[in-house]
Every structure is written in C-alpha cells, then in structure tokens.
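The next block holds one structure in the form of structure tokens; read it before the comments.
The values are calculated or read from the model by the stated rules, or taken from the named source; none is laboratory data. All values reported here derive from a predicted model rather than from experimental measurement. Here the Cβ positions follow ideal geometry from the backbone for every residue, glycine too, while neighbour counts run over all protein chains shown. Ligands, DNA and RNA are excluded from the accessible area calculation, which covers all protein heavy atoms including side chains. Shrake-Rupley method; radii C 1.70, N 1.55, O 1.52, S 1.80 Å.
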Amino acid sequence: MEIIETVQEMRQRSEALRLDGQTIAFVPTMGFLHEGHLELMRAGKKHAGKLIISVFVNPTQFGPGEDLDQYPRDTEGDLEKAHNVGVDIVFMPSAAEMYPEESETRVRVENLPRHLCGLSRPGHFDGVATVVAKLFNITKPHVAVFGQKDYQQLAVISRMVMDLNMDIQILGVPTVREPDGLAMSSRNSYLRPEERRSALSLRKSIDLAGALFRGGEKKAKAIKDEIQSLVLSHPFTEIDYIALCDPVTLDDVEVLGHENLLALAVRVGKTRLIDNCLLREGRD
Ligand code: AMP
C-alpha cells in the first residue's frame, strides 16, 4: 500500500494509473476509520481495479465552535485497517498542502444545503463540495463512494457532479450500524458511557417512524411529534432537527407520499449525531 502526502505526487500517480488502463475507485474520509468506512472501500474495490482513499480532516467544513481540534485521529490504526481491506493508495495531505494561502475558489451547491444539517452548520456543505471537488481533481477517480448515513452530503456531491459535468460515477452505500443499531461514526468515540444509551434514540426513532408509516400514518407532524417525545424521553438529548422531506429536493413534506426521507440530528451531551432512513410504500 502506498502512502502519498503531496498533491503533485498523487496527481501523477493517478494519471499514470489511467494511462496504464486502470480504473480508479475513490473513498474520501476524515480518518478514525470504522466498519462503515471499510464497507465503502469494499464497495469501491468491486467497481474498479485500483482503490484510493483519502484521510484528511478538512478544516473548511467545520464551523467556528465545532470539533475540528478535537476530531479523533489514529493514523497508525487507519493505515492498518486500510491495508487489511486492500486499499492501494492512501492520500494523506496536510491542510497547508490542500489549501495554499492564495486559494480563493469555493464550490457551492445552491439549494440542497438550505435544509437539514445546512441550517445549523452554515458553510459546511460549501466546505464539503469544495474539498471533494479538489480531491476528485487530484485523484481522478472513475467511481467515488459515499455513505448514505450522510444523506445530504451524498445528495450535494451527486448534484455537484451532475451540474459540473464531472465524469465520475457516485455510489451510495447503506449505513453500517453497531450491533445495537447505533449508526457507526467517528464521533461516537465522544460519547460518555451514560450517553451511549441515549444515542440509541436515533435508531429507535427510525424504527418508530417506519412502524407509524406502515400503520398508515401519513401526517408528517404526527410522526415528528412522536419522534420528538421518544428522543426527549432519553436523558442528555437535545434535538437539532427532525425532518420528513422529499428525498430528492429535501423540501419538507406535510403529507407523506410514496417515498420520503426521515432525517434527524440530535445532540447527546456535546456530541451531535445524525441518522436517516427512507420511508417507502410497499417496503419494509
Ligand atoms: P467521514 O470520515 O465521517 O467524513 O466519512 C467518510 C465517508 O464514510 C462518508 O461518505 C460517510 O458517509 C461514510 N460513512 C461514515 N459513517 C458511515 C456508516 N456508519 N455507514 C456507511 N458509511 C459511513
């Protein structure tokens, strides 16, 4: 497994792979790898001959007062996991390498960030779109893999790729969960033991919404009210948002249709957790 730290070397390596007739899958991450990340990598390997991942905690997607400085890091552990899953190249640039001082261009998707996490994290998706566009230009993938756990991020990136005619296939991978249902996240490491049970309220909300929907409830407010009561019945919880929306536009819906997205963000103690699911007619 190769480890590359500079933009120039990474670009040259990817170009050489392409000239050699190889296909490239790319998985961007912020490191502290868990089984969710590894599942993305396995999916990438199925779709291309070479697998490149990036490990980069991107400062431009963190707002003031967010957890950039505390974000967990474990370079040694990450490299071991990447090696075991069969990654070919790990791109690990420094912040200075990715953002030279003279950089003044940002990529902004206009409407999708005006919903869900974008409301409480202004500028977050500009940071995400910009760094992913840069990483795409540097690693030159044919296929890039993202987790459905970050549903809005996947939507923003898919939209950017479409709007900017980027010749890259975007793959979404279902959320990987702990045995008790908690969606895996690097941020789960922040949870204190007494908060861990409250973190399960997100998964329980998804199950509750599914049961209500299958039982014939179509009023978004009724479902959101039930979820709110469920979440707030757990200690240490504070709701950022509970949304029922159109899975393509992310616009709120009042009456559920054939296919709907339930998305929620809940603070458990100081840790902000997100989760989501699709509620579809004729499906579990
Ligand atoms: P991050 O390192 O948190 O920026 O995540 C890197 C990629 O892994 C993103 O595409 C995430 O959506 C994806 N990811 C994170 N957690 C999970 C999970 N539990 N299941 C599936 N994908 C995930």
Quiz item: Of everything in segment 189-201 that's within 16 Å of the ligand (Cβ to nearest atom) and crowded, with 18+ Cβ neighbours inside 10 Å, which residue is farthest from His234 (Cα to Cα)?
Solution: Tyr190
Quiz item: Among the numbered criteria (1) out of contact with any strand residue (DSSP E or B) (no Cβ under 9 Å at 6 or more places or on another chain); (2) open to solvent by less than 10 Å² (accessible area, probe 1.4 Å); (3) away from the ligand (no atom under 12 Å from the Cβ), which single criterion is violated by Pro141?
Solution: (1)
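Listed here are the residues, each with its yes/no results for (1) touching a strand residue (DSSP E or B) at 6+ places or on another chain (Cβ under 9 Å); (2) among the polar types (S, T, N, Q); (3) near the ligand (Cβ under 10 Å from one of its atoms).
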position: Tyr151; (1), (2), (3): yes, no, yes
position: Leu154; (1), (2), (3): yes, no, yes
position: Ser158; (1), (2), (3): yes, yes, no
position: Asp163; (1), (2), (3): no, no, no
position: Asp167; (1), (2), (3): no, no, no
position: Gly172; (1), (2), (3): yes, no, yes
position: Met184; (1), (2), (3): yes, no, yes
position: Arg187; (1), (2), (3): yes, no, yes
position: Arg203; (1), (2), (3): yes, no, no
Practice problem: Go through segment 202-222 and give me each residue that's part of a helix (DSSP H, G or I) and either under 24 Å from Gln153 (Cα atoms) or open to solvent by 60 Å² or more (accessible area, probe 1.4 Å) (or both). | Solution: Leu202, Arg203, Lys204, Ser205, Ile206, Asp207, Ala209, Gly210, Arg214, Ala220, Lys221
Exercise. With the condition kept exactly as written, say whether any residue in segment 204-226 is charged (D, E, K, R), within 20 Å of the chain's Cα centre (by Cα) and at pLDDT 95 or above.
Key: no
Quiz item: Do the conditions hold for Ile157, that is, is it part of a helix (DSSP H, G or I), open to solvent by less than 50 Å² (accessible area, probe 1.4 Å) and in contact with a Lys or Arg (Cβ under 6 Å, 6 or more places away or on another chain)?
Solution: no
Exercise. Look through segment 160-183, keep the residues that are among the polar types (S, T, N, Q) and in contact (Cβ under 8 Å) with a residue 60 or more places away in the chain, and return whichever of them is surrounded by the fewest Cβ atoms within 10 Å (Cβ to Cβ).
Key: Gln169
Exercise. Find the strands (runs of 3 or more DSSP E) located wholly in segment 1-119 whose residues include 2 or more that are free of Cβ contacts under 8 Å to residues at least 12 places away in the same chain and either open to solvent by 20 Å² or more (accessible area, probe 1.4 Å) or within 16 Å of the ligand (Cβ to nearest atom) (or both), and list them.
Key: none
Exercise. For segment 162-170, indicate whether the set of residues that are within 29 Å of Leu256 (Cβ to Cβ), in a helix (DSSP H, G or I) and in the same structural domain as Phe26 (by TED's automatic domain parsing) is non-empty.
Key: yes
Exercise. Would you confirm whether any residue within segment 234-242 is at pLDDT 95 or above, closer than 26 Å to His258 by Cβ, crowded, with 16+ Cβ neighbours inside 10 Å and not hydroxyl-bearing (Ser, Thr, Tyr)?
Key: yes
